[in-house]
Amino acid sequence: MTDALPNIPDIMVESLARAEHLCVLTGAGISAESGLPTFRDKMTGLWAKYDPVSLATPEAFERDPDLVTRWYDFRVGEGGKHRPNPGHHALTRYEQWQRVRGKRFTLLTQNVDGFHQDAGSHDVVELHGTIRTWRCVRCGAAHRHEGEPFATYPPGCNACDEGILRPNVVWFGEMLPELAIERAHEAIGSCDVFVSIGTSGLVQPAASFGEAAQSRGALFFEVNLEATPLTAHVDAAVHAPSGIALPKLVDLAIHHGG
Ligand code: APR
């Protein structure tokens, strides 16, 4: 173990210091310390009686587009009140370091909050889309949506004046964006180190990415508040808040890699 950081295994520090291509997969846990709830947290206030997973389906939108669009618009509003945390910023720092030394970094995220981009990460692969754009279910027009809440629910499309808008996210049962999945597969096939961060490892296909990379020879690590179904498969893990663990891990790796 590293002296100054007894909870960070040396193999993680050394692997990040040496990585030719580091691929990271993030989940809701990396944004938890920014103040955004994960999908396993109980919702509060007006939303306390709903299960977030049951609102994230095409069937829920079909049944009650008013409710589902209100919930996503609420999440856009929450995102606007919070900021990326040191975990997001540590990944940006690592990405820059890799770029300067001519090495690769791929950031795959299941998050739709846009916080990696706010922290300065380039080229984020958004596997589950983003809540910052919405699209018309009738004409397909895309609408940027980051500021004020919509005036009515479900919001109407001002391009065709007929359709309603839905968030540009991937709901349960829907296909992941083709380009995102292609980029994920390319990264899984070419990375030498894969780190799963703040994800419960319950939702496919992302849940199998780490083991797929590992089966092709990559080292597979986990950073999570607690053990997950992935823990049994990883080469090493840090079980601590990512906003504390990632800055330490990245500092040590950069220091170690000189
Ligand atoms: N630091 C690190 N990990 C954390 C922290 C933290 N501060 N807080 C929570 N976690 C971990 C939890 O232990 C849990 O394993 O983050 C994980 C969050 O799990 P989920 O809420 O299931 O989030 P995620 O894995 O991203 O969910 C995947 O499920 O509902 C769908 O489409 C949605 O993208 C989402 C997908």
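The values are calculated or read from the model by the stated rules, or taken from the named source; none is laboratory data. Please read these numbers as outputs of a predicted model, since none were measured by experiment. Every residue, glycine among them, receives a Cβ derived from its backbone with ideal geometry; neighbour counts consider all protein chains shown. Note: areas computed on protein heavy atoms with side chains; ligands, DNA, RNA excluded. Shrake-Rupley method; radii C 1.70, N 1.55, O 1.52, S 1.80 Å.
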| note | Among (1) among the aliphatic types (A, V, I, L, M); (2) part of a helix (DSSP H, G or I); (3) more than 12 Å from the ligand (Cβ to nearest atom), residue 207 falls short only on (3)
| query | Any idea which residue in the range 163-178 is farthest from residue 202 (Cα to Cα), counting only those that are without any contact (Cβ under 8 Å) to a residue 60 or more places away in the chain and of a type outside the set (Val, Ile, Thr)? | reply | 163
| Residues in the range 244-256: is at least one more than 9 Å from the ligand (Cβ to nearest atom), in contact with a strand residue (DSSP E or B) (Cβ under 6 Å, 6 or more places away or on another chain), assigned to a helix (DSSP H, G or I) and open to solvent by 30 Å² or more (accessible area, probe 1.4 Å)? | no
| Among (1) open to solvent by 30 Å² or more (accessible area, probe 1.4 Å); (2) over 23 Å from residue 251 (Cβ atoms) - the single one residue 105 does not satisfy | (2)
| Residue satisfying condition, being modelled with pLDDT of 95 or more and either closer than 19 Å to residue 109 by Cα or open to solvent by less than 50 Å² (accessible area, probe 1.4 Å) (or both), within set 176, 202 | 176
| Taking the range 121-142 as the region of interest, how many residues are more than 16 Å from the ligand (Cβ to nearest atom), open to solvent by 30 Å² or more (accessible area, probe 1.4 Å) and either at positive phi or under 26 Å from the mean Cα position of the chain (by Cα) (or both)? | 6
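Can you find even one residue in the range 12-22 that is within 16 Å of the ligand (Cβ to nearest atom) and modelled with pLDDT of 90 or more?
Yes, there is a match, as at least one residue in the range 12-22 is within 16 Å of the ligand (Cβ to nearest atom) and modelled with pLDDT of 90 or more.
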| query | How many residues are within 13 Å of the ligand (Cβ to nearest atom), among the aliphatic types (A, V, I, L, M), touching a residue at least 40 places away in the same chain (Cβ under 8 Å) and part of a loop (DSSP other than H, G, I, E, B) when one looks only at the range 210-243? | reply | 2
| message | Regarding the range 31-42, can at least one residue be identified that is touching a residue at least 24 places away in the same chain (Cβ under 8 Å), assigned to a helix (DSSP H, G or I) and touching a helix residue (DSSP H, G or I) at 6+ places or on another chain (Cβ under 6 Å)? | response | yes
